[in-house]
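The values are calculated or read from the model by the stated rules, or taken from the named source; none is laboratory data. Please read these numbers as outputs of a predicted model, since none were measured by experiment. Here the Cβ positions follow ideal geometry from the backbone for every residue, glycine too, while neighbour counts run over all protein chains shown. Surface areas here come from the heavy atoms of the whole protein model, side chains and all, with no ligands, DNA or RNA. Shrake-Rupley method; radii C 1.70, N 1.55, O 1.52, S 1.80 Å.
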Amino acid sequence: MSIAIIFFLGFIAAVAIGQKLKINCGIVAIAIGFVLTWLLGGEQNNTPAAFIKAFPVTLFWNYTIPVIFYAFASANGTMQLLGRKIAYKFRNARWALPFAVAIVAAVVAAAGAGTMNTAIVGPLAWGMSIAAGVSPMVVPFALWSGSFMGSFLPWTSNGSLHVGMYGQYLEGVDPLGMCMRLSLYNAAMGIVVLLAVYLLNRAWKLSDSGAEDFLHEPEQFSSGQKNTLIVIFGCIALLLVPSVINQFAPNGVCAWMSKNLSMPVTATAGISLVAVLGGNDLKKVFSRDVNWNMIFMISGMGMYCTLANSLGVVEILGEAMQSLPSFLIAPSFALLGSALSFVTSAATVQPLMMSMIPALAPAAGLSYGALVVPLMLGSGCTSMSPISTGGALCLIGCPNETAPKVFNRLLVTAIAAMIVVALVCMTPVISIGA
């Protein structure tokens, strides 16, 4: 058990040092990983070369290529304008604006921006909502719910990351099918959270300061932006349509396309097309718009988490959790994911916990597909915490005078959501479609 404690202390130290010194926690995790490899790796795994081989190649490419692809769409303003056009449709129904914000966030996320849609939509959403007299206590939850509903579809950067994790850690599962199934759970949780917050805050009652004409009609898409949208939806169609057809009418062509036209493949072609047709400067996009910090954070933390296998941490934790009554394993797994995600990005937590599923699923009497649900919902529900990446993004654009109250509301709601999700994971709901 001491090795497991050291491993988790290293994980916490990487996150704490990164936040304290404002440096990438993934790089810190790699440095700590080298030290632990030398000290605890044993005769077979105590060399730098052994740790370097642990670099999560599949995870890296499934995340990096889509991130670069959608950086082009953001660089020429396509994602921002798409969000403004959807929001404009709700200009005469101000009471529905929180739902409009959620729809905008979901569509922009599903169009490829993933969880970074909040950084795109957030400032617009806060400006619209305050001008329309909407309660500021509802806005961050509308952003979070929409993001949660749209960010994890398999063609998005975050969805591609999950597909890569399912393929890397869960042998024998259909990564694309698993991702689509979890997207339905995400959508359900996003809708429930938004409705609950809307009703509890009586958000249909608007401030008198709101004006009916608070939003002007957005401009038309430019030629480069139209080309960007065509390429984006073309890539989504190549990924999604063959898979759907093959579910209902299996055939060799669609089976081949489903197997081989993954998001990194289609996005690689898309990068070239958008670079040429979208009016972007390749060097500027790579230097200014690609989120290299997030890429190396995920890769570094993912690399560190592979030590859980080589140091025997997975076996130790698996044995400890296996000693619990079987009906408590799933909710305990959800609580662990929630607690870790509370203070850092869920993307840094999920690789570690995903590697534990093969050992825990038999003890819980559950399939891999069922035990993935507590992990994803648990680590996802507390991503609204303002000291986590997801919650912090929801505060971009929040007026200074309301920020402290909104911060506290996000914090309290994240704790409540953590408890509710753990209770739900005690029910057969998690096994639906598994």
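Of note, residue 281 satisfies the criterion of being surrounded by fewer than 16 Cβ atoms within 10 Å (Cβ to Cβ) and more than 18 Å from residue 379 (Cα to Cα).
Within the range 357-374, can one find any residue that is touching a residue at least 40 places away in the same chain (Cβ under 8 Å) and under 28 Å from residue 17 (Cα atoms)? For the range 357-374, residues touching a residue at least 40 places away in the same chain (Cβ under 8 Å) and under 28 Å from residue 17 (Cα atoms): absent. Across the range 135-177, the number of residues qualifying as over 19 Å from the mean Cα position of the chain (by Cα) and open to solvent by 10 Å² or more (accessible area, probe 1.4 Å) comes to 7. Just one of (1) closer than 26 Å to residue 311 by Cα; (2) at pLDDT 85 or above; (3) out of contact with any helix residue (DSSP H, G or I) (no Cβ under 7 Å at 6 or more places or on another chain) fails for residue 34. It is (3). State whether one or more residues within the range 39-46 are of a type outside the set (Phe, Trp, Tyr), modelled with pLDDT of 80 or more and either buried (at least 21 other Cβ atoms within 10 Å of the Cβ) or more than 23 Å from the chain's Cα centre (by Cα) (or both). Yes - at least one qualifying residue is present in the range 39-46.
I'm told residue 396 meets every condition in (1) in contact with a helix residue (DSSP H, G or I) (Cβ under 6 Å, 6 or more places away or on another chain); (2) part of a helix (DSSP H, G or I) except one. Can you identify the failing condition by its number? Condition (2) is where residue 396 drops out. Taking the criterion of being in a loop (DSSP other than H, G, I, E, B) and open to solvent by 30 Å² or more (accessible area, probe 1.4 Å), the residues of the range 363-393 that qualify are 365, 366, 367, 387. When the helices (runs of 4 or more DSSP H) confined to the range 253-332 are screened for residues that are modelled with pLDDT of 75 or more, among the hydroxyl-bearing types (Ser, Thr, Tyr) and over 20 Å from residue 352 (Cβ atoms), those reaching at least 1 such residues are found at 263-277.
Here is a check on your reading of the model: is residue 358 of a type outside the set (Lys, Arg) and surrounded by fewer than 23 Cβ atoms within 10 Å (Cβ to Cβ)? Answer is yes for this residue. Exactly one residue among 186, 251, 260 is on the phi < 0 side of the Ramachandran plot and touching a residue at least 12 places away in the same chain (Cβ under 8 Å), and that residue is 186. Within the range 233-245, residues that are free of Cβ contacts under 8 Å to residues at least 60 places away in the same chain sit with their Cβ atoms under 8 Å from residues that are among the β-branched types (Val, Ile, Thr) and open to solvent by 30 Å² or more (accessible area, probe 1.4 Å), at 6+ positions apart or across chains, in these pairs: 242/253.
I'm checking my understanding of the structure. Among residues of the range 253-278 that are within 21 Å of residue 174 (Cα to Cα), of a type in the set (S, T, N, Q) and in contact with a helix residue (DSSP H, G or I) (Cβ under 7 Å, 6 or more places away or on another chain), which one is most open to solvent (accessible area, probe 1.4 Å)? Across the range 253-278, the extreme among qualifying residues is 258. Out of all the residues in the range 74-86, is one or more at pLDDT below 75 and open to solvent by less than 10 Å² (accessible area, probe 1.4 Å)? Yes, the conditions are met somewhere in the range 74-86.
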